[in-house]
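J.: Quick one: this structure, given as structure tokens, is what I'll be asking you about.
The values are calculated or read from the model by the stated rules, or taken from the named source; none is laboratory data. Since the structure is predicted, the reported quantities are computational estimates derived from the model, not experimental observations. Heads up, the Cβs are rebuilt from the backbone with ideal geometry, glycines too, and the neighbour counts pull from every protein chain shown. Side chains are part of the model used for accessible areas, which takes the heavy atoms of the whole protein and leaves out ligands, DNA and RNA. Shrake-Rupley method; radii C 1.70, N 1.55, O 1.52, S 1.80 Å.
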Amino acid sequence: MRVSCVATTLSVEQKRVLGVGISENPLFQLTIGSAYVVLGLAYQVGYYAGPILQVRDDFGKCVFAPLCLFDIVDSRPSKYWVAKRLGDFELALWPEEFFVEYFHDDLSNREPAAVKVFHGVIDKLENEFVD
């Protein structure tokens, strides 16, 4: 699945629907018009409610960003995604590697093992639908 960035900030209406405080101004390190491979997606409730995509941002970090910031340009889901329930009301479709306990924390902390796994996942997903 690939998406194209249409915005890097949330409108007041988007914040309201997503459950984000109106005074919060998250800025996503994405470029309008650029395409991004979707690494995974989740549907969650509460804060940032709704469909949330995982993409690699312009700095190479794995980030969670709401679907409203993107248009879908290639709708084919990855064969590497596994569906898992997260709590009573949330669902994630991620590569199996992302479900390892503390994976995202370790990746944020630049733990070498997590970074290596992340780059392996990126390689798989970026080459999955090479035309």
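J.: Any residue in segment 82-93 that is under 13 Å from VAL45 (Cα atoms) and open to solvent by less than 70 Å² (accessible area, probe 1.4 Å) sitting within a Cβ distance under 9 Å of a residue that is among the small types (Gly, Ala, Ser) and part of a strand (DSSP E or B)? List the pairs, counting only those 6 or more apart or interchain.
T.: What qualifies is LEU86/ALA42; LEU86/ALA92; GLU90/ALA42; ALA92/GLY40; ALA92/ALA42; ALA92/ALA83.
J.: Looking only at segment 109-131, count how many residues are small (Gly, Ala, Ser) and either in contact (Cβ under 8 Å) with a residue 12 or more places away in the chain or within 17 Å of ARG76 (Cα to Cα) (or both).
T.: Here is the first cut: in segment 109-131, the residues small (Gly, Ala, Ser) are 113-114, 120.
Those left that are additionally either in contact (Cβ under 8 Å) with a residue 12 or more places away in the chain or within 17 Å of ARG76 (Cα to Cα) (or both): 120.
Number satisfying all stated conditions: 1.
J.: When you scan segment 33-46, do you find a residue that is over 22 Å from SER75 (Cα atoms), loosely packed, with under 14 Cβ neighbours inside 10 Å and of a type in the set (A, V, I, L, M), even just one?
T.: There is at least one residue in segment 33-46 that is over 22 Å from SER75 (Cα atoms), loosely packed, with under 14 Cβ neighbours inside 10 Å and of a type in the set (A, V, I, L, M).
J.: Cβ-Cβ distance below 8 Å, separation of 6 or more or different chains: which pairs start in segment 1-16 with a residue that is touching a residue at least 24 places away in the same chain (Cβ under 8 Å) and outside any strand (DSSP E or B) and end on one that is open to solvent by less than 60 Å² (accessible area, probe 1.4 Å) and among the β-branched types (Val, Ile, Thr)?
T.: Once the first residue is touching a residue at least 24 places away in the same chain (Cβ under 8 Å) and outside any strand (DSSP E or B) and sits in segment 1-16, its partners that are open to solvent by less than 60 Å² (accessible area, probe 1.4 Å) and among the β-branched types (Val, Ile, Thr) give MET1/VAL37; MET1/VAL38; LEU10/VAL20; GLN14/VAL20.
J.: Here's a follow-up. Collect the residues in segment 94-108 that are open to solvent by less than 50 Å² (accessible area, probe 1.4 Å), in contact with a helix residue (DSSP H, G or I) (Cβ under 8 Å, 6 or more places away or on another chain) and without any contact (Cβ under 8 Å) to a residue 40 or more places away in the chain, keeping them in residue-number order. Spell out the reasoning first.
T.: Looking only at segment 94-108, we keep the residues that are open to solvent by less than 50 Å² (accessible area, probe 1.4 Å), and these are 94-95, 98-99, 103-104, 107.
Among the residues that remain, those that are also in contact with a helix residue (DSSP H, G or I) (Cβ under 8 Å, 6 or more places away or on another chain) are: 95, 98, 103-104, 107.
Within segment 94-108, PHE103 is the sole residue that qualifies.
J.: Can VAL121 be described as surrounded by fewer than 19 Cβ atoms within 10 Å (Cβ to Cβ) and β-branched (Val, Ile, Thr)? Talk me through it step by step, then tell me what you get.
T.: Numbers: surrounded by fewer than 19 Cβ atoms within 10 Å (Cβ to Cβ): no; β-branched (Val, Ile, Thr): yes.
No.
J.: Only residues that are open to solvent by 40 Å² or more (accessible area, probe 1.4 Å), within 14 Å of the chain's Cα centre (by Cα) and among the hydrophobic types (A, V, I, L, M, F, W, C): list them for segment 60-81, please. Step through it out loud before you land on a result.
T.: Step one: of segment 60-81, the residues open to solvent by 40 Å² or more (accessible area, probe 1.4 Å) are 61, 64, 67-68, 71-73, 75-77, 79-80.
If we keep only those that are within 14 Å of the chain's Cα centre (by Cα) as well, we get 61, 64, 67-68, 71-72, 77.
Residues satisfying the conditions are PHE64, LEU67, CYS68, ILE72.
J.: Please name all residue pairs, on different chains or six or more residues apart, with Cβ atoms under 6 Å, provided the first residue is in segment 56-80 and is among the hydroxyl-bearing types (Ser, Thr, Tyr) and the second residue is in a strand (DSSP E or B).
T.: Here the result reads TYR80/PRO95, each pair linking segment 56-80 to a residue that is in a strand (DSSP E or B).
J.: Residue check: is ARG16 out of contact with any Gly (no Cβ under 6 Å at 6 or more places or on another chain), of a type in the set (Lys, Arg) and within 30 Å of LYS116 (Cβ to Cβ)? Step through it out loud before you land on a result.
T.: Working: out of contact with any Gly (no Cβ under 6 Å at 6 or more places or on another chain): yes; of a type in the set (Lys, Arg): yes; within 30 Å of LYS116 (Cβ to Cβ): no.
No: the conditions fail for ARG16.
J.: Search segment 1-19 for residues being surrounded by fewer than 18 Cβ atoms within 10 Å (Cβ to Cβ) and among the aliphatic types (A, V, I, L, M), and hand back the single one that is farthest from ILE72 (Cα to Cα).
T.: Once the filter is applied, the top-ranked residue is VAL12.
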